[in-house]
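Heads up: the structure comes next, in structure tokens.
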Amino acid sequence: MSDDTPLTIADRQFSSRVFLGTSAYPNLQVMLDCVEESGTELVTLSIRRLDLEGYAESPVDLLEDYDFLPNTAGCETARDAILTAQLARESLETNWVKLEIIGDRETLYPDVEQLLSATDELVKDGFTVLPYCNDDPVICKRLADLGAAAVMPMGSLIGSGMGVANPANIELICRQAEVPVVIDAGLGTASDVVQSFELGCDAVLLNTAVARARNPVAMARAVRHAAEAGRAAHLAGRIPKRPHAEASSPQMGLVGS
């Protein structure tokens, strides 16, 4: 790829390659400022945590200018995730869903068996499915084969801020993927965002890294710039790593030689 193009997932194009979560901010105003500063066009919403009755000020109303990616956070079975996705489709009038099915409450690792099953059913039901999964190239391929519009492998444990724990796997997933790869979970700062793009990821999704930063708005701005720099570096192509020195200037014709 010699030049950059908008990110395309299913039937949508995005100029920004940053997706942002909307939970855990100090207050709604900080969340809105972070969304704006990040440059994102797609925000995630946990459908289980939203007030859909209209009794309180809702992020849905405040973020009406953005595209929504409802997620199934908190679900532990394919059945619960499917029902949650269907509720989101009715409430938010979108068939997009970030599919998240947790198999272990301590590590928050995905339940791969349930994830594959739910992806299959939701795709058949007309959903645009973006599944959160572990950093396993085989699972990512199977999800894509089932019709996932993108795959979202974890960088590291959700909310850990440890960055990309297994860069070799992420790079392999990106190299083999036939759908966009969105790194999800574990990113902690702007340098993690840069690395994600340099490994070949098409986009990043963050929440805790921004919401829990000492200055969330400044971090959102840093993430936007990091995404642009990381993507540009990936397109430029890094030099190969060598176990020896290699002079950048010619050795012939030096003074005194």
Considering the stretch 138-191 alone, what residues qualify as being under 14 Å from Leu115 (Cβ atoms) and without any contact (Cβ under 8 Å) to a residue 12 or more places away in the chain?
Val138, Asp145
Out of all the residues in the stretch 195-212, which are surrounded by fewer than 22 Cβ atoms within 10 Å (Cβ to Cβ), out of contact with any Ser or Thr (no Cβ under 8 Å at 6 or more places or on another chain) and small (Gly, Ala, Ser)?
Gly200
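Here's the yes/no breakdown for (1) of a type in the set (Phe, Trp, Tyr); (2) on the phi < 0 side of the Ramachandran plot; (3) not in a loop (DSSP other than H, G, I, E, B):
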| residue | (1), (2), (3) |
| --- | --- |
| Val182 | no, yes, yes |
| Gly186 | no, no, no |
| Ala213 | no, yes, no |
| Ala218 | no, yes, yes |
Which one is modelled with the highest pLDDT among residues in the stretch 1-32 that are part of a helix (DSSP H, G or I), under 14 Å from Arg212 (Cα atoms) and of a type outside the set (Val, Ile, Thr)?
Met31
Pull up the stretch 213-253, narrow it to residues that are among the charged types (D, E, K, R) and under 23 Å from Ala150 (Cα atoms), then point me to the one that is surrounded by the fewest Cβ atoms within 10 Å (Cβ to Cβ).
Glu228
Per the list (1) surrounded by 20 or more Cβ atoms within 10 Å (Cβ to Cβ); (2) among the acidic types (Asp, Glu); (3) not in a helix (DSSP H, G or I), residue check on Asp192 breaks on (3)
For Ile102, all conditions in the list (1) more than 14 Å from Asn71 (Cβ to Cβ); (2) modelled with pLDDT under 95; (3) of a type outside the set (D, E, K, R) hold save one; what is the number of the exception?
(1)
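The values are calculated or read from the model by the stated rules, or taken from the named source; none is laboratory data. Since the structure is predicted, the reported quantities are computational estimates derived from the model, not experimental observations. Virtual Cβ from ideal backbone geometry, glycine too; neighbours counted across all protein chains shown.
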